[in-house]
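Enquirer: Quick one: this structure, given as structure tokens, is what I'll be asking you about.
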Amino acid sequence: MSILSGRLAFRPRPNDVYLASYARSGTTWLQMIVYQLTTDGSMDFTHITEPIPYFERALSVGRDLNKLPSPRLFKTHFRYKKLPKGPYKRIYIARNGKDVLVSCYYFFRAHSPFKGSFDQFFKNFMVGNVQSGSWFRHVAEWSAHAADTNVLFIRYEDLVNHFERTVNRIAEFLNVPLSPEIYARIAERCSFTFMKQHEEKFGFLQEVLIEFGFTGEDFIRKGKSGSGKEHLSPEQEAMFDRAASTVIMPPPLEAPARTARA
Ligand code: PPS
């Protein structure tokens with residue numbers, strides 16, 4: 001089976017792992033825990049989306065996910081039925097719905113055109129009229145698969161109240177060893193304080209810039225007249241001139257005529 005990823009075909013692999021959630025439910029926290037569990041814990045990534053891509057955005061911008069080494073890890077907000085069908089492991093993280101609602105409100109006010117009141121957002125959220133769709137449907141659909149052997153269903157609140165037990169469940173589910181040293185590193189690097197200190201490695205805006213390949217190069221670039229010509233090949237210049245010959249612009253100012261001295 002393959003899914004179109006931009007111009008590329010995404011081919012699922014049996015050992016792919018999806019970290020799934022409704023938005024604002026602790027996905028990034030889960031990403032960091034799984035990243036720390038499955039690597040040497042190095043922090044030398046620009047953004048967590050490099051080692052653990054946001055699946056649906058990566059597909060929509062045509063990132064070549066086939067280049068990633070196995071086992072691949074993906075973050076996703078897809079509903080259960082939108083993920084590729086197959087044996088792939090899925091960890092779903094759910095969070096208290098009212099906390100999700102409030103977190104979404106602040107997130108969408110800051111990162112989307114929505115600038116309405118909390119009351120308006122509440123009404124939209126209750127009927128699923130928000131970017132992430134219905135929280136109620138999302139959680140219900142994933143809950144129906146909570147007992148599947150390839151699904152681990154955890155809660156944000158489990159991480160808050162029983163962090164070590166929950167990290168152990170994740171490690172067992174993924175069949176990765178969890179020594180006291182690795183656990184100590186996870187507890188330190190997945191703490192709110194540590195992740196807040198490294199927010200640029202987790203934040204939304206950085207994720208979008210990286211996924212879209214935006215480099216943020218000079219906006220006020222050269223400010224010279226005539227440098228366009230230097231970049232064009234003779235063929236490109238001829239093609240451009242032909243197309244531009246149909247555009248009639250007012251003439252440029254001429255240099256003032258010199259007055260002859262008596
Ligand atoms: S997103 O945008 O959908 O990917 O957001 P997501 O990562 O799922 O959820 C964001 C909320 O998770 C909180 N968060 C954490 N809580 C506790 N500990 C750690 N380490 C941590 N990392 C992220 C984050 O603060 C968001 O919740 P709110 O309630 O808005 O603070």
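The values are calculated or read from the model by the stated rules, or taken from the named source; none is laboratory data. From a predicted model like this one, the values you see are computed outputs, not experimental measurements. Here the Cβ is made from the backbone with ideal geometry for all residues, glycine too, and neighbour counts use every protein chain on show.
Enquirer: Scan region 24-52 for residues that are on the phi > 0 side of the Ramachandran plot and near the ligand (Cβ under 10 Å from one of its atoms) and jot them down. Give the derivation first.
Expert: Taking region 24-52 as the starting set, the residues that turn out to be on the phi > 0 side of the Ramachandran plot are 24, 26, 41.
24, 26 - these are the residues of region 24-52 that are on the phi > 0 side of the Ramachandran plot and near the ligand (Cβ under 10 Å from one of its atoms).
Enquirer: Just the residues that are of a type in the set (A, V, I, L, M, F, W, C) and out of contact with any Leu (no Cβ under 7 Å at 6 or more places or on another chain), please, taken from region 21-36.
Expert: As a first pass, look at region 21-36 and keep what is of a type in the set (A, V, I, L, M, F, W, C): 23, 29-30, 32-34.
Within region 21-36, 23, 32, 33 meet the criteria.
Enquirer: Are there any pairs with C-beta distances below 7 angstrom linking a residue in region 202-221 that is in contact (Cβ under 8 Å) with a residue 24 or more places away in the chain to a residue that is away from the ligand (no atom under 16 Å from the Cβ) and assigned to a helix (DSSP H, G or I), with the two at least 6 apart or on different chains, and if so which?
Expert: Close Cβ pairs (under 7 Å, with a partner that is away from the ligand (no atom under 16 Å from the Cβ) and assigned to a helix (DSSP H, G or I)) amount to 211/61; 212/61.
Enquirer: Going through region 79-108 one residue at a time, which ones are within 12 Å of the ligand (Cβ to nearest atom) and not in a helix (DSSP H, G or I)? Walk me through how you get there before you give the answer.
Expert: The first filter runs over region 79-108 and keeps only residues within 12 Å of the ligand (Cβ to nearest atom), leaving 92-96, 98-108.
Of everything in region 79-108, those that are within 12 Å of the ligand (Cβ to nearest atom) and not in a helix (DSSP H, G or I) turn out to be 92, 93, 94, 95, 96.
Enquirer: Which of the numbered conditions does residue 111 fail, given that it passes all the others? Conditions: (1) more than 10 Å from the ligand (Cβ to nearest atom); (2) in contact (Cβ under 8 Å) with a residue 60 or more places away in the chain; (3) not acidic (Asp, Glu).
Expert: Tallying (1) more than 10 Å from the ligand (Cβ to nearest atom); (2) in contact (Cβ under 8 Å) with a residue 60 or more places away in the chain; (3) not acidic (Asp, Glu), residue 111 fails exactly one: (1).
Enquirer: Just one of the numbered conditions (1) away from the ligand (no atom under 11 Å from the Cβ); (2) closer than 19 Å to residue 52 by Cα; (3) modelled with pLDDT of 95 or more; (4) not in a strand (DSSP E or B) is not true of residue 124; which one?
Expert: All conditions are met except number (2).
Enquirer: Continuing with this model, one more query. Quick check on region 69-79. Is at least one of its residues among the hydrophobic types (A, V, I, L, M, F, W, C) and either loosely packed, with under 13 Cβ neighbours inside 10 Å or farther than 26 Å from residue 148 by Cβ (or both)?
Expert: The first filter runs over region 69-79 and keeps only residues among the hydrophobic types (A, V, I, L, M, F, W, C), leaving 73-74, 78.
Narrowing further to those that are either loosely packed, with under 13 Cβ neighbours inside 10 Å or farther than 26 Å from residue 148 by Cβ (or both): none.
No, region 69-79 has no match at all.
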